Amino acid sequence: MAHIIVVGNEKGGAGKSTVAMHVASALARLGWRVGTLDLDLRQRSLGRYIENRLRFLAREGLSLPSPASVDLPEIDPSALPPGENLSDHRLSAAVAALEPCSDFIVIDCPGSHTRLAQVAHSLADTLVTPLNDSFVDFDLLARIDTDGETILGPSVYAEMVWTARQLRAQAGLDPIDWIVLRNRLGSTAMVNKQRMESALGRLARRIGFRVGPGFSERVIFRELFPRGLTLLDLRDIGVERLSMSHVAARQELRELLRALGLPGVEVRL
């Protein structure tokens, strides 16, 4: 069976699609067969990222390691047994289509609570949650007191992950390996960074996730999207001298992949 990596966070703007694309493309570059699903049926950021990549490579006559992508199939609701959920069947059919030809399946979830996202979380072998380094985003995981230190309890997204964990346990599946990435880090506000680091460390022990390194806030990510490229493709398109920012970003990607600890993956990028 393919190892399923779900990139999820119910808040938009955390960099989920950028993380999903870079993880999927890096695994493909390492020689793994990778399939992807974009469950944000409205914005389709990951789907459009991959479409941009295929168009760019075709136009430039290039062949670079790339993940495969499928759309959720259309299913006639009248063909379903009574009480069966249409979204569940569409997601199951898409995963079933990818599994025979994939070692890893990367699923990008929307920045909102949907039935598709909820079911996808229950399928996750590895759950990756990019989180902006802000207490506004932290509130998605836990409610925190006015002192900015005391954790009052889990919040809506953490509760959804807990439900997904229960469903997997009932089905006899291995527990979800949950990694929260500190993503889109800025170069200032050191006091806030230290408080976020402390709060995430306490919460990780309380509700059971690992904290991993994400990407810093960089212009390069916005520049790569229209061509469907990732940090690992720059030399392949003729960029002979990488800037210090590019080198640092590639190192962040290596550290992110190592932090995920995916089975059988040796990070040689």
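Just so you know, all these numbers are worked out from the coordinates, no wet-lab data involved. Computed from a predicted model, the values in this text were never measured in an experiment. For neighbour counting, all protein chains shown are included, and Cβ atoms are generated from backbone atoms with ideal geometry for every residue, glycine included.
Taking a ≥ b ≥ c as the square roots of the eigenvalues of the Cα gyration tensor, segment 84-130 is classed as oblate, since a/c reaches at least 1.5 and a/b does not exceed b/c.
In µm²/s, what is D for segment 132-265 at 37 °C and 0.692 mPa s, where D = kT/(6 pi eta Rh) by Stokes-Einstein and Rh is the Kirkwood radius from Cα pairs? Reported coefficient: 192 µm²/s. Loop-located trypsin sites (Lys or Arg not before Pro) in segment 31-114 (DSSP state not H, G, I, E or B) with no more than 13 neighbouring Cβ atoms inside 10 Å: Arg42.
Given a 10 angstrom Cα cut-off, can you work out which residue in Val70, Val180, Val247 is the most mobile in a GNM of the chain? Sorting by GNM fluctuation, first place goes to Val247. Think of each Lys and Arg Cβ as +1 and each Asp and Glu Cβ as -1; about the Cα centre, that makes the dipole of segment 120-180 roughly 340 debye.
Ranking of Thr126, Thr36 by neighbouring Cβ atoms within 10 Å, starting from the fewest: Thr126, Thr36. A straight line joining the Cα centroids of segment 200-231 and segment 2-31 runs 10 Å. In plain terms, the residue of Val23, Val161, Val119 with the fewest other Cβ atoms within 10 Å comes first and the most crowded comes last, giving Val119, Val161, Val23.
Counting pairs of Cα atoms in the chain, how many percent are more than 29 Å apart?
Cα-Cα pairs in the chain separated by more than 29 Å: 32 percent.
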